[in-house]
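Some notes on the structure that comes next.
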Amino acid sequence: MLEVKGLRKAFGPIVAVDGISFEAARGDVLGFLGPNGAGKTTTMRMLSCFLPPDGGTASVLGYDIMAQSVAVRRSTGYLAENVPAYDEMTTEGFLKFVCAARGINGRKRQQAIDAVAGSCAIADVMHQPIGTLSKGYRRRVGLAQALVHDPPVLILDEPTDGLDPNQKHDVRELIKDLAREKCIVISTHILEEVDAICNRMIIIDRGKIRADSTPEKLREEVNGSLDEVFRKLTVERREVHSEGAAVPGGAG
Amino acid sequence: MKGFTSVFKRELQSYFSTPLAYVFLVIFLFFSSFITFQKGFFEMREASLRLFFGNMPLLFIFLVPALAMRLWAEERRTNSIELLFSLPVRLPEAVLAKFFACWAVIALALVLTCPMVITVCYLGDPDWGPIVTGYLGSLLLAGTYLAIGSFFSCLSRNQVIAFVLSVVACVVFLYAGSPSVMNYLAGFLPAGLVRVVESLSFRSRFESIQRGVIEFRDVAFFVLLASGWLWANVIALRGRIAAG
């Protein structure tokens, strides 16, 4: 359902995403892991058709993210980092706007909003302006916005960030529930989350994929916890890299 | 199309769910009539809105960029633009929807100046031609200012920068044709170029529309110029998004 080939994006001299490729199918919950600044958010922004890539291609349900971006966006739900929304709107008004932009109107719209209000537990704040919501509610409104049109592909950038442990649990259950029908990509730096909901994980560091496997396999390979896997793949390389960089300076 | 209508409706609502539209309307209505009476509306002893429409170019130069500066700057600052374009909304659709929503607020402001029309009708027997064309000219002029403001609003996340740049750009277009500028330019520019600059001026075109003379080329000038700025807006916004 999701196919990424050699995707690349640079901001000036900084290469944020450096030719990554992967695939995901229906039923996959793909965990996107990496230290801060690894390129997770940039990748997700490209998959959601917000940022145009500098090179490579990606397709969602066979639609190209550049040439058929409207079709891609129609079949994708996207929760962006920091949950952008229109702060002056009420939750209900905001969801109605999202529905209208996605062509859901009339009775269908009310049904769709009621459904996500229940599954994302935001029924209490439907009439509150989004700007006044707590971090947890705001994130769940963002999640509701991504789910309201029941998309086959979900791209969620840190869906549980800022939630309390109970809310985290609920959102993870929700994602697991949705996983049967959909293809879900989530980014996170919480390793226990990967264990809890992902059947696949990709570790990305400085724009490159360091591992693409399942949590179990990676653990076996390293013979330790996911923490160790993560550190081994992202920290050690960095040390090697910086030592390499230090050589010319030392010689000089 | 549903992208356009949904964004248009949302924008229009946001003007009225925040104090923005009310502040704009009150300030506009106050100053548009205050200046008219200040300049000697009664002393003129003439049932016309000539003085009233004469204020529009200067009044709009501050008020329209103030309304336009948030169009894209705010969207980019709060990053809601990322949400907007994760919806199946095309970029030109969004640019046009925001433009027309803002233009509708300005049109409403003009409609609300109807007491001025009632006043001149009560005081005398006005010539309707210049009143109708005065409104049309004001709307076209405001739309062109707005397109300029919308363009500068997408260049920066900072609304103040957007405001200042669009005021300057509007001033340049407004005063391009004034005699002092023309005389100055004629000192070192060839006559052909001076005429080009003069033809770009808002002022002479607005004045001829306002006098009751609707010429196709004057209307086309404003429409084309506004379209050009909006087109530049689409291109610039695309570039800004790609640059991150």
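Within a Cβ distance under 14 Å of A:Thr57, other residues only, what is the Lys/Arg minus Asp/Glu net charge?
Local charge sum for A:Thr57: -1.
Which semi-axes, in whole Å and largest first, does the equivalent ellipsoid of the stretch A:2-247 have when worked out from the alpha carbon gyration tensor as the square roots of 5 times its eigenvalues?
32, 20, 17
Which Rg and Dmax, in Å, describe the Cα atoms of chain B?
19.0, 59
So for the pair B:Met1, B:Leu185, with labels modelled 7 Å out along Cα→Cβ, what separation do we get in nm?
4.2 nm
Figure the gain on full extension for A:Thr214 and A:Arg107 (residue separation times 0.36 nm, minus the Cα-Cα span) and round it to one decimal in nm.
Here the answer is 34.3 nm.
Once you've got the Cα coordinates, tell me which of A:Lys40/A:Lys176; A:Lys40/A:Lys168; A:Lys108/B:Lys9; B:Lys2/B:Lys98; A:Lys182/B:Lys9; A:Lys96/B:Lys98 are over 25 Å apart.
Flagged as over cut-off: A:Lys182/B:Lys9.
What value, in deg cm²/dmol to 500, does the helix sum -39500 (n - 2.57) over DSSP H runs of n ≥ 4 give at 222 nm once divided by the residues of chain A?
Theoretical 222 nm ellipticity from helices: -13500 deg cm²/dmol.
Starting from the Cα of B:Val223, step 7 Å along the direction of its Cβ; do the same at B:Thr18; then give the gap between the two resulting points in nm.
Each label point lies 7 Å from its Cα, and together they span 3.2 nm.
When a footprinting reagent is the concern and you count Cβ atoms within 10 Å, what order do A:His189, A:His149 take, fewest first?
If I rank by nearby Cβ atoms, fewest first, I get A:His189, A:His149.
Report the Stokes-Einstein translational diffusion coefficient (µm² s⁻¹, integer) for the protein assembly as shown, Rh taken as the Kirkwood radius over Cα pairs, at 25 °C with viscosity 0.890 mPa s.
Taking Rh from Cα pairs, D becomes 96 µm²/s.
With +1 on each Lys and Arg Cβ and -1 on each Asp and Glu Cβ, how big is the dipole of the protein assembly as shown about its Cα centre, in debye rounded to the nearest 20?
860 debye
Report the charge-dipole magnitude of the stretch A:2-247 in Debye, nearest 20, computed about the Cα centre from +1 at each Lys and Arg Cβ and -1 at each Asp and Glu Cβ.
Approximately 720 debye in magnitude.
Highest first, please rank the peptides B:84-90, B:11-17 by the mean number of other Cβ atoms sitting within 10 Å of their residues.
Taking the mean over residues of other Cβ atoms within 10 Å, the ranking is B:84-90, B:11-17.
Assuming R0 = 51 Å, can you tell me the calculated FRET efficiency for the pair A:Ala10 and B:Glu46, based on Cβ-Cβ distance, to the nearest 0.05?
Between A:Ala10 and B:Glu46 the formula returns 0.20.
Read-outs: derived from the displayed coordinates by stated rules, not from any lab. Since we're looking at a predicted model, the values are computed, not measured. No Cβ is skipped: glycine too gets one built from the backbone with ideal geometry, and neighbour counts run over all protein chains shown.
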